[in-house]
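> Dropping a structure here in structure tokens format, bear with me for questions.
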Amino acid sequence: MRQLWPQNGPGGGDLTGADLERLYAYPAGLSKPWVQVNFVASADGAVTLADRSEGLSHPADKRIFGLGRDLCDVVLAGAGTVIAEDYRGVRPSRRRTEARQRLGLSDIPPIAVVTARCSIEPDSALFTDAAIPPIILTTEDAPPARRRALADAGAEVIIAGSRTVDLTVALAELDRRGLRRINCEGGPHLFAGLIAENLVDQLCLTVAPLLAGAGAGRIAEGRPTDVPRDLELASILHEDGFTMFRYRRR
């Protein structure tokens, strides 16, 4: 993987793990939540192939994806993405644990799921194949039996809105728990909500050299935004035709 921009990057050679960690590091001394969003899309803007992102990915993209989990306090995802991608807990490994301990982070970040109706099943892999239980960000209108079932399965269930999840409240609840480095892995409806509430600080977008054609949605769908949110280009990386863009809030 090589850095194309800025051109004052590491000497034109392949980036090391330390280079990537410095490039994608969260700002130091955070006093409030800082949200990074990760997506991969085809060259014509498709967010999935056959309803999953796997067909668009590449080892370089997966390396950036994994780095997002290495550096964050919490992984944030919408229920639709968790169900479609059959989410499990973040995988512990010696490398990940050593990296996170060196950075003063917990050994494994929890996964926080945004779900207005508590639509995750308590016997899903998010619970049964996880080293630590998930956090469920839900609403007062979610069926009480569903909330109880997820709590009984081990989740911390947090009410963050009445009918829909108020993302500003949800992030404030994560902040109260010391979870400020937020790595959002989608999906499109959650991303659209974060944009609408002006909560996105960084977008990491991998563009795959593929034309998917009609059918798949965009990386942001659903809730409209009143005005566009200005970003500035922070870096461009490249490997095997895959281009990894990083944009930050201007």
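> Could you please report the charge total around Arg146, scoring K, R as +1 and D, E as -1 over all other residues with beta-carbon less than 10 angstrom from its beta-carbon?
+2
> Starting at the first residue of the range 138-145, write each ³J(HN,Hα) from the Karplus equation 6.51 cos²θ - 1.76 cosθ + 1.60 with θ = phi - 60°, in whole Hz, x for Gly and Pro.
3J(HN,Hα) across the range 138-145, in whole Hz: 9, 10, 4, 7, 4, x, x, 5.
> Here is a follow-up. If packing is taken as the average number of other Cβ atoms within 10 Å across a peptide's residues, how do 127-137, 145-155 rank, most packed first?
Going from most to least packed, we get 127-137, 145-155.
> When the convex hull of the C-alpha atoms of the range 18-81 is computed, what volume per residue in Å³ does it have?
113 Å³
> Here is a further query. Between Leu210 and Val227, what is the spin-label point distance in nm, taking each point 7 Å from the Cα along the Cα→C-beta axis?
Between Leu210 and Val227, the simple spin-label model gives 3.7 nm.
> What list of ³J(HN,Hα) values in whole Hz, one per residue of the range 73-85 in order, does the Karplus curve 6.51 cos²θ - 1.76 cosθ + 1.60 (θ = phi - 60°) give from phi, with Gly and Pro shown as x?
8, 7, 9, 10, 8, x, 4, x, 5, 4, 6, 5, 8
> Would you please give the residues with an amide H less than 5 Å from that of Thr206, counting only those at least 5 places away or on a separate chain, with H modeled from the backbone geometry?
Phe39, Val40, Ala41, Phe245
> Roughly how many percent of the accessible protein surface of the chain is carbon and sulfur, given a 1.4 Å probe and a whole-percent answer?
C and S fraction of accessible area: 51 percent.
> From the phi of every residue in the range 188-202, what ³J(HN,Hα) in whole Hz does the Karplus formula 6.51 cos²θ - 1.76 cosθ + 1.60 yield, where θ is phi - 60° and glycine or proline is x?
x, 6, 5, 4, 4, x, 5, 5, 4, 8, 6, 10, 8, 9, 8
> If you take every DSSP beta bridge fully contained in the chain, what fraction is antiparallel? Give it as a percent rounded to 5.
Percent antiparallel among DSSP bridges in the chain is about 40.
> Just report the Cα centroid separation between the range 160-224 and the range 1-73, whole Å.
16 Å
> Something else now. How many nm separate the modelled label positions at Gln101 and Arg177, each set 7 Å beyond the Cα in the direction of the Cβ?
Label at Gln101, label at Arg177, 2.4 nm between them.
> Next question. Debye calculation, C-alpha points only, no solvent: report log10 I(q)/I(0) for the range 68-119 at q = 0.25, 0.26, 0.29 Å⁻¹, in the same order as the q values.
-0.90, -0.95, -1.08
> When ligands, DNA and RNA are left out and all protein chains stay put, how many square angstrom of accessible area per residue does the chain have with a 1.4 Å probe?
Heavy-atom SASA per residue in the chain reads 48 Å².
> If you average the alpha carbon positions of the range 130-159 and of the range 74-121, how far apart do those two centres end up, in angstrom?
Centre-to-centre (Cα) distance: 15 Å.
> So, in nm, how far is label Lys32 from label Thr16 when the simple model puts each one 7 Å beyond its Cα toward the Cβ?
In this crude label model, Lys32 to Thr16 measures out at 3.7 nm.
> Can you give the FRET efficiency to the nearest 0.05 for Ala25 and Asp141, using r as the Cβ-Cβ distance and R₀ = 51 Å?
That gives a FRET efficiency of 0.85.
> For the chain, what does the helix formula give at 222 nm: sum of -39500 (n - 2.57) over DSSP H segments with n ≥ 4, over the residue count, nearest 500 deg cm²/dmol?
Taking each H run of at least 4 residues, the total per residue is -7500 deg cm²/dmol.
> Still on this structure: Excluding Leu30 itself, what net charge comes from residues whose Cβ is under 11 Å from its Cβ, given Lys and Arg +1 and Asp and Glu -1?
Summing Lys and Arg as +1 and Asp and Glu as -1 gives 0.
> Scan around Thr164 for amide H atoms under 5 Å from its own, H built in the peptide plane at 1.01 Å from N, and keep only partners 5 or more places away or cross-chain.
none
> Residues with amide H under 5 Å of Cys184's amide H, sequence separation 5 or more or different chain, H placed in the peptide plane at 1.01 Å from N; which?
The list, which skips near neighbours in sequence, is Gln36, Val37, Asn38, Leu76.
> Label the range 48-149 by shape, choosing from rounded, prolate and oblate, from the square roots a ≥ b ≥ c of the eigenvalues of the Cα gyration tensor; if a/c is under 1.5 it is rounded, and otherwise prolate applies when a/b is larger than b/c, oblate when it is not.
oblate
> As a test of the definition: which semi-axes, in Å, follow for the range 126-212 when you take the square root of five times each eigenvalue of its alpha carbon gyration tensor? Largest first, please.
Working through the eigenvalues yields semi-axes of 26, 17, 14 Å.
> Report the rotationally averaged projected area of the chain based on its alpha-carbon convex hull, in square nanometres.
13.5 nm²
The values are calculated or read from the model by the stated rules, or taken from the named source; none is laboratory data. In this text, all values refer to a predicted model and were calculated from it rather than measured experimentally. Neighbour counts are summed over all protein chains in view; Cβ atoms, including those assigned to glycine, are modelled from backbone coordinates with ideal geometry. Heavy atoms of the whole protein, side chains included, go into the accessibility calculation; ligands, DNA and RNA do not. Shrake-Rupley method; radii C 1.70, N 1.55, O 1.52, S 1.80 Å.
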